[in-house]
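Okay, so here's the structure we're looking at.
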Amino acid sequence: MKTDNSRALFEQAQAFIPGGVNSPVRAFKSVGGTPLFIKRAEGAYVYDEDDNQYIELINSWGPMILGHKHPKIEQAVLNAVQNSLSFGAPTQREITIAELIVSMVPSIEKVRMVNSGTEATMSAIRVARGYTGRDKFIKIEGCYHGHGDSFLIAAGSGAVTMGTPDSPGVTKGTAKDTLLAPFNDLEAMRKVVENNKDEVAAIIIEPVAGNMGCVLPKEGYLEGLRELCDEHGIVLIFDEVMTGFRLAPGGAQERFGVTPDMTTLGKIIGGGMPVGAYGGKKEIMDYVSPAGPVYQAGTLSGNPISMAAGLTMLSLLNENPEVYTSLDEKGAYLREGYEKSLKDLGLNYTINSVGSMNTLFFTDKEVHNFEDAKTSNLELFRKYFHAMLDRGIYLGPSQFESLFLSTALIDNDLDRIIKANHESLKEIHGK
Ligand SMILES: Cc1ncc(COP(=O)(O)O)c(C=O)c1O
Ligand SMILES: N[C@H](C=O)CCC(=O)O
């Protein structure tokens, strides 16, 4: 596959942009080679600057759940643009989307729109602190909640991919208020809570982790967190930036039947535009300024174009619940195909999947937490990633990410992915 144009653009980009990219994980640093510079995308396919076509399994890291260039979302954006790009004043559409979010997400009674997942999580923690009058919060090792200072400790996603799960630049003062516990370990969590009695404002967790690869909660784990938080007056925050509107119309909280006190959202909620949101119980959300004393603001928050894209996306998902059956079926089909290849090739790697999220871990250990995920053979992942890319399959360039399916994938695409997976595994093992 010829990628001369991407290579030339990457050279050029590095002169003006740190590392040549505007978000680290895009740089292919842990897998080597040149990041693809993307020119356009349609449905289930992206096209790079050399006009190569790839089947999309990144989907902008989740937002493009209905595939690229959905005609209704595109039209909503074009219509909104006619009335100006931004007002910095309230609009009717903000009420409509807020009402829709409240009707879809079980934990949300009131919601505030922001511009990214990072803003959503930073704001949610501040509100939880203001509400409880406590300073500390507990984060799960390997979860990623964006790049707010207090989250860049044992962080997953690009942070671990770049080898900096604890980022320089985060002060000791900030770090001391972030407590850590492993995913899926209720006993360890209970100890952290008890050792910091009456000091913990919040527990924040990705209910299905997607940023250490895809890791599912064990049965009873989320319920156990709920009980622990109730016992100790701690605000339970589900970070559903990735899982929100993906695993069910009401996200992982609907799928797993556990309702947190607060929820953070991003990605799909903007239909591809930069949007985030945080919401929860009225009693907590009424602490947010100007209703309450906790300050949080945004010049472009509730931007009319972003709201038009987001509202159309959420309406489509809300009105067409069969989308989730279809995504689950595609996810199950892909998993079956992967499992068959592993068996046929005598390989014992671990596949974690739920609905339209899936990670193939290059380890024979079951993966229930960050430590397990880190037993993966990253050199094998690197080879696998390039073998898949050579076969026209565009995966996230890191072992510590999930792949995301869209409804635009047809059976033939899934069969191509399964075939490419089989051939790639064969190739990298010299079989
Ligand atoms: C679970 C989770 N929370 C928060 C974020 C941060 O969102 P953003 O990149 O939009 O700031 C991400 C993704 O980056 C995420 O996956
Ligand atoms: N895993 C991240 C978000 O979910 C990847 C996106 C990024 O950091 O650029």
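The values are calculated or read from the model by the stated rules, or taken from the named source; none is laboratory data. The model shown is predicted, which means the values in this text are computed figures rather than measured ones. Backbone-built Cβ (ideal geometry, glycine too); neighbour counts: all protein chains shown. We work out accessible area using only protein heavy atoms, side chains counted, and drop any ligands, DNA or RNA first. Shrake-Rupley method; radii C 1.70, N 1.55, O 1.52, S 1.80 Å.
Using Stokes-Einstein with the Kirkwood hydrodynamic radius over Cα pairs, what translational diffusion coefficient do you get for segment 346-431 at 20 °C and a viscosity of 1.002 mPa s, in µm²/s rounded to a whole number? In µm²/s, the coefficient is 159. Using only alpha-carbon positions in segment 317-364, the gyration tensor eigenvalues give semi-axes of 27, 11, 4 Å once each is multiplied by 5 and square-rooted (largest first). Mean residue ellipticity, 222 nm, helices only, the chain: the sum of -39500 (n - 2.57) across DSSP H runs of n ≥ 4, divided by residue count and rounded to 500, is -12000 deg cm²/dmol.
For the chain, the orientation-averaged shadow of the C-alpha convex hull comes to 20.1 nm² (one quarter of the hull surface). The GluC sites (Glu not before Pro) of segment 348-380 that meet both conditions, a loop assignment by DSSP and at most 12 other Cβ atoms within 10 Å of the site Cβ, are Glu366. Give me the percent of the accessible area of the chain that comes from carbon and sulfur atoms, probe 1.4 Å, all protein chains in place. Ligands and nucleic acids excluded, carbon and sulfur reach 50 percent. Scattering from the C-alpha atoms of segment 71-319 alone, worked out with Debye: what is log10 I(q)/I(0) at q = 0.07, 0.08, 0.15, 0.18 1/Å? Log10 of I(q)/I(0), two decimals: -0.22, -0.29, -1.02, -1.42. Of Ala175, Ala44, Ala128, the residue with the greatest mean-square motion in the GNM of the chain, using alpha carbon springs below 10 Å, is Ala175. The residues of the chain expose on average 41 square angstrom of accessible surface per residue, using a 1.4 Å probe on protein heavy atoms.
Dividing the Cα radius of gyration of segment 134-215 by 2.2 N^0.38 Å, with N the residue count, gives 1.04. Between Asn303, Asn115, Asn52, the Gaussian network model of the chain with springs among Cα atoms under 10 angstrom shows the greatest mean-square fluctuation at Asn52.
The eigenvalues of the Cα gyration tensor, multiplied by 5 and square-rooted, give segment 10-96 an equivalent ellipsoid with semi-axes of 31, 18, 12 Å from largest to smallest. Derived value for segment 273-431: Kirkwood hydrodynamic radius 18.6 Å. Basis is the mean of 1/r over every pair of different alpha-carbon atoms.
Under the simplified labelling scheme, the Asn348-Thr96 pair shows an inter-label distance of 5.6 nm, with each label point 7 Å from Cα along Cα→Cβ.
Peptides 200-207, 416-423 ranked from most to least packed by the mean count of surrounding Cβ atoms within 10 Å: 200-207, 416-423. Summarising the strand pairing of segment 71-319, around 35 percent of its internal DSSP beta bridges are antiparallel.
Given R0 = 60 Å, the distance between the Cβ atoms of Asn412 and Asp135 translates into a calculated FRET efficiency of 0.65. Extending 7 Å from Cα along the Cβ direction at Lys197 and again at Lys176 yields two label points whose distance is 2.2 nm.
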